[in-house]
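**Student:** Pasting a structure here, questions to come.
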Amino acid sequence: MRHIISILMENEPGALSRVVGLFSQRNFNIESLNVAPTEDESLSRLTVTTVGDDRVIEQITKQLNKLIDVVKLVDLTEGDHIERELMLVKVKALGAARDEIKRTADIFRAQIVDITPSIYTVQITGDAAKLDAFLQAIGPVGILEVARTGVSGIARSDKILSL
Amino acid sequence: MELLSGADMIARFLKDEGIEYIYGYPGGAALHIYDALFRQEDVKHILVRHEQAATHAADGYARAAGKPGVVMVTSGPGATNAVTGIATAYMDSVPMVVLCGQVMSHLIGDDAFQETDIIGVTRPIVKHSFSVRHPSEIPEVLKKAFYLASSGRPGPVVVDIPKDMTTPTERYEYVYPTKVKMRSYSPVSRGHTGQIKKAVELMLKARRPVFYTGGGVILGGASEGLTDLVQRLGFPITTTLMGIGAYPQSDKQCLGWLGMHGSYESNMAMHHADLVIAIGARFDDRVTNNTSKFCPTAKIVHVDIDPSSVAKTVRPDVPIVGPAKSVINEMISLLQGKEIANPNELVEWWKTIDGWRHEREGKLYEPSAPGEALKPQEVVEAVCRATNGEAFVTTDVGQHQMFAAQYYKFDKPNRFITSGGLGTMGFGFPAAMGIKKSFPDDNVVCFTGEGSFQMMMQELSTCKQYGIGVKIINLNNGSLGMVRQWQDLNYKSRHAHSYMESLPDFNMLIGAYGFTSIRVTTREELEEAMQRTFADKHEMVFLDVAVDPHEHVYPMQVPLGSMRDMLLSKTERT
């Protein structure tokens, strides 16, 4: 099953490589990874999506917790949560396709953030499945370049991941 | 207030931390530190002949003393040479602090002379690592390093120190930090009482219980408590290779050690048990054999200080995360005034176990006949007798390691010192050096083979320099015995590169360093050689014993089988 694990870790050099290294060292999967500082500049928040059965996920969370730089973590998929990813896509926008892409972008509530006579650059946010669906709707022929941020997430309601 | 350079802070901190010996090798990036060590007398530096030996020596000391070992190396090759020793310590959870010189900070990343990203190289084999970014951080960083290395589940910590952090002319305030605060690290101090109660209930109701205890009991200083607990209950106990000595092996409740080359009765008891009480052991593959066939009828209690060890390979019925010592003590107090529910069935269980013991009695190996090559097992037994089973024993890796573990009997913890997790050939001799330096009045014996010994034999020179008198027992079968055994069993005796031709004349080699060397080829010579070897505790003696090259280590678990599936000799199996 797919899990989204959010980690608060020391904003120190080397901390990220310890987390990433752990995944390859122990043969765990990384589907996406996203990391940035938080409002507390001594902490970074890292969100990783991974796939594994319960035993593997248990090991992943335990091994992550064992890293000295990891302060706290939560498996967001254990409860209600909000998952978002941002994607920028360059698509070929010529002839009839130009209008069609605009319409598709509207349906997905995406924005066109840059244009040239032959290209639209589309910005879209949503969960990973929505982004996949958008790419499918555009079709592989029209897609010139894709940049995705990887999943970030936060728990719903009053659950807070902080010190 | 005291102003010290970074280099002087390091020397001073080690003194304040109570460190007597450090093992290392100088080099450009570490020279300020070496100069600081030179200008003081409290911390004594032992100059090894290869950095790997420094880590093994510090490791041996740490395992024997239960305190962190300290290593000092320079950048680049100095640090990379230490890597095998760091990995060895990591796999066996040995507390160790490795101080590495590094090129000047402004050169980092430029592929400077003798630059290696040692933090990156060692990342998967350390408990944690630090890079010093300002000289004033040194006391705090070192304190954290020692705290991390020795608390919780111990392990090696690397501290990378760029040369400009130790510049003699730049001085900063030095205060020895007495406390450490790390918001992201708080090792568990006790187990969950509810879980411990559940475990005790299972223990009281058990019909065929067995304790299975590991290195965690020794590391956690819980051997006394364990002995008390096991004796109160009257249950059988088997230990892992790393747990040898946590419970006296001469006691009748001890079945020896378990796993791939463990005793017949240990493996049989595990397989037939209805309750396995695992403490400070990690269910590794050399113990469990095929996990899907592991202990099919047992409920499992697993006590470990490291949550990630619990349910990693075998899912316990009662997991308890906590230090062995406090959990055991809590178990003992919960047992006060309680009786086991099935005393008669425990008696029956012991009858079954004694039956297994009896089955193999006198059949473990065939002693040599007069005129035949000595059996390695006989040599280990002779050494055990000659030292009253009281020596510190280190080993290298291979057949001799298993024979040493099988035939030397240990009644105390911290005495059997072996690379169990990583299986590092070359470990034994430098580890013995590190122990002897801190326990000069004890016999320190290194069982080795001519393969392993040649991986670290340059340390003879270190022993000469510091007058370190260890006893090296070379079980010389002229081949890489364990590799050869596997080739006999799995490759139709095609001995690909498991032979040792062109062996040196060990008498001449050892003689070149001015040490005593004795060559033994027959059983008749053995006893006298033993007396000579152990005549003086402080004398280095190399005992080169020609042993039967065809001997195999048995029992040996059958691959992919259960614990009870064993080869018992070249012709018998369960």
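The values are calculated or read from the model by the stated rules, or taken from the named source; none is laboratory data. Keep in mind the model is a prediction, meaning the values are calculated, not measured. Positions of Cβ are backbone-derived with ideal geometry, glycine not excepted, and every protein chain shown enters the neighbour counts.
**Student:** Given the conditions (1) small (Gly, Ala, Ser); (2) surrounded by fewer than 18 Cβ atoms within 10 Å (Cβ to Cβ); (3) touching a helix residue (DSSP H, G or I) at 6+ places or on another chain (Cβ under 9 Å); (4) not in a helix (DSSP H, G or I), and given that A:Ala36 satisfies all but one, which numbered condition is not satisfied?
**Tutor:** (3)
Quick grid of which residues meet (1) touching a helix residue (DSSP H, G or I) at 6+ places or on another chain (Cβ under 8 Å); (2) surrounded by fewer than 21 Cβ atoms within 10 Å (Cβ to Cβ); (3) within 14 Å of chain B (Cβ to nearest Cβ); (4) free of Cβ contacts under 8 Å to residues at least 40 places away in the same chain:
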{"residue": "A:Met1", "(1), (2), (3), (4)": "yes, yes, no, no"}
{"residue": "A:Ile7", "(1), (2), (3), (4)": "yes, no, yes, no"}
{"residue": "A:Leu16", "(1), (2), (3), (4)": "no, yes, yes, yes"}
{"residue": "A:Ser32", "(1), (2), (3), (4)": "yes, yes, no, no"}
{"residue": "A:Leu46", "(1), (2), (3), (4)": "yes, no, yes, no"}
{"residue": "A:Thr49", "(1), (2), (3), (4)": "yes, no, no, no"}
{"residue": "A:Gly52", "(1), (2), (3), (4)": "yes, yes, yes, no"}
{"residue": "A:Val56", "(1), (2), (3), (4)": "no, yes, yes, yes"}
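**Student:** State all residues of the stretch A:69-83 that are within 23 Å of A:Ala133 (Cα to Cα) and either buried (at least 17 other Cβ atoms within 10 Å of the Cβ) or of a type in the set (Ser, Thr, Tyr) (or both); if no residue qualifies, say none.
**Tutor:** To start, the set of residues in the stretch A:69-83 that are within 23 Å of A:Ala133 (Cα to Cα) comprises A:76-77, A:80-83.
If the condition is that a residue be within 23 Å of A:Ala133 (Cα to Cα) and either buried (at least 17 other Cβ atoms within 10 Å of the Cβ) or of a type in the set (Ser, Thr, Tyr) (or both), then A:Leu76, A:Thr77, A:His81, A:Glu83 are the ones that fit.
**Student:** Of all residues being surrounded by fewer than 17 Cβ atoms within 10 Å (Cβ to Cβ) and over 16 Å from B:Lys205 (Cα atoms) in the stretch B:312-328, which is nearest to the other protein chains (Cβ to nearest Cβ)? Just the residue, please.
**Tutor:** Here the answer is B:Arg315.
**Student:** While we're here: Look through B:Pro209, B:Pro177 and report the one residue that is in contact with a Lys or Arg (Cβ under 6 Å, 6 or more places away or on another chain) and more than 14 Å from chain A (Cβ to nearest Cβ).
**Tutor:** B:Pro177
**Student:** Working only within the stretch B:199-218, note down all residues that are part of a helix (DSSP H, G or I) and not charged (D, E, K, R).
**Tutor:** Those that are part of a helix (DSSP H, G or I) and not charged (D, E, K, R): B:Ala199, B:Val200, B:Leu202, B:Met203, B:Leu204, B:Gly215, B:Gly216, B:Val217, B:Ile218.
**Student:** What residue, of B:Ser309, B:Ser292, is of a type in the set (S, T, N, Q) and either closer than 14 Å to B:Leu560 by Cα or away from chain A (no Cβ under 14 Å) (or both)?
**Tutor:** B:Ser292
**Student:** Name every residue in the stretch B:143-171 that is surrounded by 16 or more Cβ atoms within 10 Å (Cβ to Cβ), away from chain A (no Cβ under 14 Å) and farther than 21 Å from B:Cys100 by Cβ, in order of residue number.
**Tutor:** Selection gives B:Arg171 alone.
**Student:** Do any helices (runs of 4 or more DSSP H) lying entirely in the stretch B:455-574 carry at least 2 residues that are aliphatic (A, V, I, L, M) and touching a strand residue (DSSP E or B) at 6+ places or on another chain (Cβ under 7 Å), and which ones are they?
**Tutor:** In the stretch B:455-574, B:523-533 are the helices (runs of 4 or more DSSP H) which contain 2 or more residues that are aliphatic (A, V, I, L, M) and touching a strand residue (DSSP E or B) at 6+ places or on another chain (Cβ under 7 Å).
**Student:** Which members of the stretch B:122-134 meet the condition of being more than 9 Å from every other protein chain (Cβ to nearest Cβ) and closer than 16 Å to B:Thr55 by Cα?
**Tutor:** If the condition is that a residue be more than 9 Å from every other protein chain (Cβ to nearest Cβ) and closer than 16 Å to B:Thr55 by Cα, then B:Thr122, B:Ile125, B:Val126 are the ones that fit.
**Student:** Go through the stretch A:58-98 and give me each residue that's part of a loop (DSSP other than H, G, I, E, B) and either more than 14 Å from chain B (Cβ to nearest Cβ) or under 17 Å from the mean Cα position of the chain (by Cα) (or both). Explain how you work it out, then say what you get.
**Tutor:** Just the residues of the stretch A:58-98 that are part of a loop (DSSP other than H, G, I, E, B), to begin with: A:67-69, A:79-80, A:93-95.
Matches in the stretch A:58-98: A:Gly79, A:Asp80, A:Ala93, A:Leu94, A:Gly95.
**Student:** So, in the stretch B:372-425, of the ones that are among the polar types (S, T, N, Q) and not in a loop (DSSP other than H, G, I, E, B), which residue ends up farthest from B:Thr88 (Cα to Cα)?
**Tutor:** Checked the stretch B:372-425; the qualifying residue farthest from B:Thr88 (Cα to Cα) is B:Gln377.
**Student:** A further question on this structure: Determine whether B:Ile332 is within 27 Å of B:Gln231 (Cα to Cα), away from chain A (no Cβ under 14 Å) and not in a helix (DSSP H, G or I). Let's see the steps before the verdict.
**Tutor:** Numbers: within 27 Å of B:Gln231 (Cα to Cα): yes; away from chain A (no Cβ under 14 Å): yes; not in a helix (DSSP H, G or I): no.
Judged against the criteria, B:Ile332 is not a match.
**Student:** Checking B:Gln40 against (1) of a type outside the set (Ser, Thr, Tyr); (2) surrounded by 18 or more Cβ atoms within 10 Å (Cβ to Cβ); (3) under 22 Å from B:Val175 (Cβ atoms), only one condition comes out false. Which one?
**Tutor:** Going through (1) of a type outside the set (Ser, Thr, Tyr); (2) surrounded by 18 or more Cβ atoms within 10 Å (Cβ to Cβ); (3) under 22 Å from B:Val175 (Cβ atoms) one by one, B:Gln40 breaks only (2).
Yes/no per residue for (1) outside the structural domain of A:Asn11 (by TED's automatic domain parsing); (2) touching a residue at least 12 places away in the same chain (Cβ under 8 Å); (3) within 18 Å of A:Thr50 (Cβ to Cβ):
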site: A:Leu73; (1), (2), (3): no, yes, yes
site: A:Leu88; (1), (2), (3): yes, yes, no
site: A:Lys92; (1), (2), (3): yes, yes, no
site: A:Ala96; (1), (2), (3): yes, no, no
site: A:Ala110; (1), (2), (3): yes, yes, no
site: A:Thr121; (1), (2), (3): yes, yes, no
site: A:Asp127; (1), (2), (3): yes, yes, yes
site: A:Asp132; (1), (2), (3): yes, no, yes
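**Student:** B:Pro187 - would you say it is more than 30 Å from B:Thr74 (Cα to Cα) and within 14 Å of chain A (Cβ to nearest Cβ)? Lay out the reasoning, then the answer.
**Tutor:** Working: more than 30 Å from B:Thr74 (Cα to Cα): yes; within 14 Å of chain A (Cβ to nearest Cβ): yes.
Taking the combined requirement at face value, the residue satisfies it.
**Student:** Let me ask another. Can B:Val383 be described as farther than 26 Å from B:His552 by Cβ and out of contact with any Cys (no Cβ under 8 Å at 6 or more places or on another chain)?
**Tutor:** No; evaluated as a whole, the condition is false for this residue.
**Student:** Which one of B:His45, B:His32, B:His56 is more than 14 Å from every other protein chain (Cβ to nearest Cβ) and outside any helix (DSSP H, G or I)? Steps first, please.
**Tutor:** Details: B:His32 fails: outside any helix (DSSP H, G or I); B:His56 fails: outside any helix (DSSP H, G or I).
Unique residue meeting the criteria: B:His45.
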